[in-house]
Amino acid sequence: MKSPRIWIITADGARARFFVKQGREMAEIPQARMDEPHPPSREIGADKPGRAFESKGHTRSATGPRVDLHQQAEDNFARKVAAVLTQDAHLYERVLLIAAPRTLGIMRPHLLKLQSRIDEIAKDLTHLGAKALGEALADVV
């Protein structure tokens, strides 16, 4: 009996790496790697904050952005990774998603459309290569 092909994705807010495991062999898919470093919020929104008049009097006060721009960029990246996952998950017998807890929370609503089941691990293991990841997941896969 042929061993199943397992697609393993490690992701955080700025990097996603894709691996395929079949039998004992695990290999990274380098052409599928996604890297999107995000500068800090102070560099993304470098303009001065907008100003607004008070309802009474002549005073003005600054208005800041209502969201953290760096976190918003990381959330958008997580949605992109989820889109890749939903597009290609049907090609594998099993899918294992290993992501930082916040990233996993952003991705979950976008993964509900999938027909195939996805196993999840809430850890940030994007720094591991194929060999180290295989050793770390020896009990799981």
Next item on the list: Check the straight Cα-Cα distances from Lys21 and name the aspartates and glutamates below 15 Å, setting aside those fewer than 8 residues away within the same chain.
Entry: Glu93, Asp119, Glu135, Asp139
Margin query: Please report Rg (one decimal) and Dmax (integer) in Å for the Cα set of region 68-109.
Written below: 11.3, 38
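FYI, it's all coordinate maths here, none of it is from the lab. Keep in mind that what you see is a predicted model, and the values were worked out from it rather than measured.
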